[in-house]
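Student: Just passing along the structure, written as structure tokens.
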Amino acid sequence: MSGLTACGIDPQSAEWTSPAGNDPVDYLLSLQITTPGGEAGAFGYSEPSGANLYSTQDAVRALAGAVFTATPPRFRTPPTVAAGTPVRHLVAIRLGAERVRMCEVTAPVGASLQALLEAGETDAVPADAIASSAAPARRRHGGSAPPVPSHDVDQPAVG
């Protein structure tokens, strides 16, 4: 109900009323515990049998016509960075079905994947992340760097 209210929608309008005449407010009130005792007045999660603190606070907020109390995050526009400017990149290297090694590499904006990996061999944090990950591939390719598919070489590195 708080979501409907936040969007300017009346949860008791005809649009939200069932053919039996029930609306979201009726449903919410049906979850309130009415039996005498320490939990009387609280709200259950999906049925009125057992107080639920979170359900109670959400129900009270909704019944009061209030909306969510958290302010949505504000995102700032990322700065424009000229091609060729050195920036930090996060590199994830998959070493097997369930092994991934991550490192940070400084390379120019727009660098190819091959250039990013080459920069990482001397500039990665942690220091050996790319060199040690590339070692098995180098052995398979006679000591040189493994060939990089042309479609990857031409793609800018993600940073």
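Student: With the structure loaded, tell me whether V91 is crowded, with 17+ Cβ neighbours inside 10 Å and part of a strand (DSSP E or B) or whether it fails that test.
Tutor: Against the criterion (crowded, with 17+ Cβ neighbours inside 10 Å and part of a strand (DSSP E or B)), V91 qualifies.
Student: I would also like to ask the following. Whether any residue in region 72-82 is outside the structural domain of A124 (by TED's automatic domain parsing), farther than 30 Å from L116 by Cβ, of a type in the set (S, T, Y) and part of a loop (DSSP other than H, G, I, E, B) is what I want to check.
Tutor: No - not one qualifying residue is present in region 72-82.
Student: Could you check how many residues of region 101-118 are assigned to a strand (DSSP E or B) and either within 10 Å of R88 (Cα to Cα) or not charged (D, E, K, R) (or both)?
Tutor: Number of matching residues: 8.
The values are calculated or read from the model by the stated rules, or taken from the named source; none is laboratory data. Worth saying up front: this structure is predicted, and the values here are computed from it rather than measured. Cβ atoms come from the backbone with ideal geometry, glycine included; neighbour counts cover every protein chain shown.
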